[in-house]
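The values are calculated or read from the model by the stated rules, or taken from the named source; none is laboratory data. Quick caveat, the model's predicted, so the values are computed rather than measured. Reconstructed Cβ throughout: ideal geometry from the backbone, glycine too, with neighbour counts over all protein chains shown. Heavy atoms of the whole protein, side chains included, go into the accessibility calculation; ligands, DNA and RNA do not. Shrake-Rupley method; radii C 1.70, N 1.55, O 1.52, S 1.80 Å.
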Amino acid sequence: MTDISLSEPSALTARVETARKAGAGDFRFRMMALAAALAVLVIFAGVIISLIFGSMPAFKEFGFSFITTEVWSPTRERFGALAPIYGTLVTSLIAMIIAVPVGIGIAIFLTDLCPRMLRRPIGIAVELLAGIPSIIYGIWGFFVFAPWFQLHVQEPVATAVADIPVLGTLFGGVTFGIGTFTAGLILSIMILPFISAVTRDVLETVPSVLKEASYGLGATSWEVMWKVCLPFCQTGVVGGAMLALGRALGETMAVTFVIGNAHKIAPSLFAPGTSISASIANEFTEATGDLYRSALIELGLLLFVITFIVLACAQLMLRRMEKGKGK
Amino acid sequence: MDAVASRTSQMLYLRRRIANTVFIVLSTCAAVFGLVWLTFILGGLLIDGVSALSPTLFTEITPPPGSKGGLANAIGGSILMSVIAVLIGTPIGLFAGTYLAEYARHGRLAFVVRFVNDILLSAPSIVIGLFVYELVVVRMGHFSGWAGAAALAIIVIPVVVRTTENMLLLVPNGLREAASALGAPQNFVIKLVTWKAARAGIITGILLAVARISGETAPLLFTALGNSGWSWDANAMNQPMASLPAVIYTFATGPYEDQHALAWAGALLITATVLVLSILARMLENKKRT
């Protein structure tokens with residue numbers, strides 16, 4: 001009797017103590033998780049703030065004329081970003097024109113046409129293409145692809161179109177192998193797997209009832225794909241393409257190797273050019289003088305803002321797609 | 001009248017058949033196109049890379065122009081910086097992913113973190129390099145291995161956050177409820193039940209992150225810079241540090257044949273590492289599914 005009355009409060013306090021400790025541990029754990037989540041936001045904010053801070057000298061010096069002038073002269077300390085911006089946009093445009101149809105084609109092949117046995121190996125092979133680091137594309141493009149491309153494509157094309165008005169300007173002139181067009185081409189190979197992976201995933205969300213119903217009405221594979229499946233997952237496909245565009249805009253090493261690094265806007269697509277990321281990669285460590293460095297950081301800020309807008313649109317579209325899937 | 005109708009319907013049928021055949025041929029061509037590039041790239045890499053492989057790659061340091069040498073310092077630097085980056089990035093990514101999946105699945109903060117994380121996941125890595133340059137290199141006054149590791153860690157975090165969250169969301173709620181019903185506090189539930197259930201997936205994410213950073217070049221160019229020699233002492237991380245991708249870049253763009261060969265050998269090493277890691281990750285993922 002006395003034993004029990006004595007032991008009970010102590011057992012109780014022990015239990016309370018354990019619960020209190022567990023509660024404190026719980027709180028600590030939760031706070032650690034919260035801190036880690038906030039760290040992601042801090043990194044993001046840090047990137048923006050440091051870029052804005054770093055680009056202030058250049059912005060004060062050139063203002064908005066920075067993005068409208070083409071002059072890039074480290075010796076005279078005059079900097080304009082028009083040529084890199086042009087290069088980034090044009091290479092990405094070329095990449096998208098090639099990669100979007102081909103990427104969607106691969107996805108369709110993998111979901112609908114491919115023999116079941118080959119489906120996994122080909123899917124894996126295309127995904128491996130996505131894992132290859134960009135510097136590999138760069139070194140391969142520079143040593144293997146560019147010389148071949150100059151000899152077998154650029155030269156014949158340049159001679160053939162030399163006298164045709166518009167094409168002659170776009171694809172004429174002296175060829176080097178490296179240049180804006182080559183960079184766009186290499187970029188298209190790089191983003192191809194992203195587009196096909198996302199498209200394949202969203203195509204798999206199409207309910208099979210929809211497909212079966214259309215086949216039952218006598219539709220051909222093409223009609224089922226074009227009039228039923230693709231409209232069904234339109235948002236997802238566009239989102240995937242935007243995601244790939246975000247990658248293409250910011251891609252650095254592959255472009256740096258093959259674009260030629262010339263700070264001017266040439267009328268011919270075969271001529272060397274530069275892109276935002278290539279300019280930074282090439283010149284940053286050699287940039288002497290605060291203004292030069294600051295101009296390069298402002299280029300980085302521009303790149304970050306452009307990719308942010310594109311990627312944000314992509315995220316919102318893919319989110320909407322996912323929500324629709326849940327319904 | 002009937003004859004005309006049947007002729008037009010036949011024409012229509014023919015047109016639909018032709019459109020369908022064209023469509024099938026074009027999609028097949030697209031797949032072949034993708035595979036041809038993969039073969040070209042891997043083939044070119046094997047031809048030029050294998051001929052440059054030699055045991056001295058792993059024992060000798062990067063040579064000055066015109067002489068032979070290896071890549072030992074670059075390989076060592078890459079491994080060291082990647083290990084440190086993973087050691088820093090993984091816990092942060094793991095906890096942030098846990099926060100998103102376990103604590104605030106539908107909260108407003110979780111929405112923002114998820115959104116920002118997905119942006120960071122695809123943000124140009126060269127911008128991360130500029131950020132670390134401003135943050136670390138300018139403060140320290142010189143390029144360093146620490147700066148390189150920091151840049152790589154920032155690239156690791158979003159990858160780990162994304163896979164951790166996805167994998168934790170796959171853990172059935174019944175497991176959590178059963179553990180809670182036994183009286184386990186939430187941190188025990190997470191540590192002993194959900195993390196364990198999602199272990200294979202989380203490790204897959206870390207492997208993918210390692211694969212991603214092992215080829216990253218742009219953020220290292222102006223953080224770790226490069227170093228043509230060894231400095232394996234306690235102070236090594238405070239000095240500029242060689243890395244495989246940066247060496248490939250400098251050697252490949254230079255004019256010397258010997259250095260080109262080394263660049264190819266390095267490229268082959270990186271690709272092999274990345275492919276092995278991706279295949280390992282895939283195997284782990286499949287094991288989990290069955």
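At a glance:
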item: Cα Rg, Dmax (largest Cα-Cα span) when computed across segment B:57-200, Å; result: 20.1, 71
item: Amide H partners (placed H, <5 Å) of A:Trp72, local residues excluded; result: A:Gly80
item: Accessible surface of chain A, 1.4 Å probe, proportion on carbon and sulfur as whole %; result: 68 percent
item: Rg to Rh, two decimals, where segment A:57-210 supplies the alpha carbon set and Rh follows Kirkwood; result: 1.10
item: Derived scalar couplings ³J(HN,Hα) [segment A:82-99; Karplus, 6.51 cos²θ - 1.76 cosθ + 1.60; whole Hz; x for Gly, Pro]; result: 4, 5, x, 4, 4, x, 4, 5, 5, 4, 5, 4, 4, 4, 5, 4, 7, 6
item: The protein assembly as shown: projected area of the alpha-carbon convex hull, averaged over directions, in nm²; result: 39.1 nm²
item: Once the Cα gyration tensor of segment A:218-327 is diagonalised, semi-axes √(5λ) in Å; result: 39, 19, 9
item: Histogram of C-alpha separations across chain A, 10 Å bin width, %; result: 5, 19, 23, 21, 14, 7, 4, 3, 2, 1, 0, 0
item: 20 °C / 1.002 mPa s Stokes-Einstein diffusion coefficient of segment B:158-275, Kirkwood radius on C-alpha pairs, µm²/s; result: 122 µm²/s
item: Angle in degrees between helix A:2-62 and the longest Cα principal axis of chain A, rounded to the nearest 10; result: 20 degrees
item: Overall form of segment A:122-257 per C-alpha gyration tensor (a/c, 1.5; a/b vs b/c); result: prolate
item: Accessible surface of B:His142 - all protein chains present, 1.4 Å probe, nearest 10 Å²; result: 80 Å²
item: Debye intensity ratio I(q)/I(0), log10, segment B:38-142, q values 0.18 Å⁻¹ (C-alpha model); result: -1.09
item: Length gained when the stretch A:Asp112-A:Ile309 is fully extended (0.36 nm per residue, less Cα-Cα span); result: 67.6 nm
item: Coil-residue GluC sites (Glu not before Pro) of segment A:1-94, DSSP, other Cβ within 10 Å capped at 14; result: A:Glu70, A:Glu77
item: Candidate aspartates and glutamates - alpha carbon under 19 Å from B:Lys196, same-chain residues fewer than 8 apart omitted; result: A:Asp26, B:Glu102, B:Glu165, B:Glu177, B:Glu285
item: Debye, to nearest 20: dipole size of segment B:204-290, +1 on Lys, Arg Cβ, -1 on Asp, Glu Cβ; result: 640 debye
item: ³J(HN,Hα), Karplus 6.51/-1.76/1.60, whole Hz, each residue of segment A:247-258, x for Gly, Pro; result: 5, 4, 4, x, 4, 10, 5, 4, 5, 4, 5, 10
item: A:Lys264 long-range amide H proximity, modeled H, under 5 Å; result: A:Thr274
item: Per DSSP, loop trypsin sites (Lys or Arg not before Pro) in segment A:54-163 with at most 15 further Cβ within 10 Å; result: A:Arg76
item: For the protein assembly as shown: accessible area per residue (Å², 1.4 Å); result: 46 Å²
item: Residues A:Thr68 and A:Val16, FRET efficiency given R0 of 56 Å [Cβ-Cβ distance, rounded to 0.05]; result: 0.20
item: With every protein chain in place, chain B: carbon and sulfur % of accessible area (1.4 Å); result: 69 percent
item: Area of A:Phe53 that stays accessible when all protein chains are in place (1.4 Å probe, Å², to 10); result: 150 Å²
item: Directionally averaged projected area (convex hull, Cα atoms, segment B:90-166), nm²; result: 5.2 nm²
item: Accessible surface buried upon A-B contact (total; probe 1.4 Å; Å², nearest 100); result: 7200 Å²
item: Distance histogram for segment A:189-240 (every C-alpha pair counted, 10 angstrom bins, percent rounded to whole numbers); result: 26, 47, 22, 4
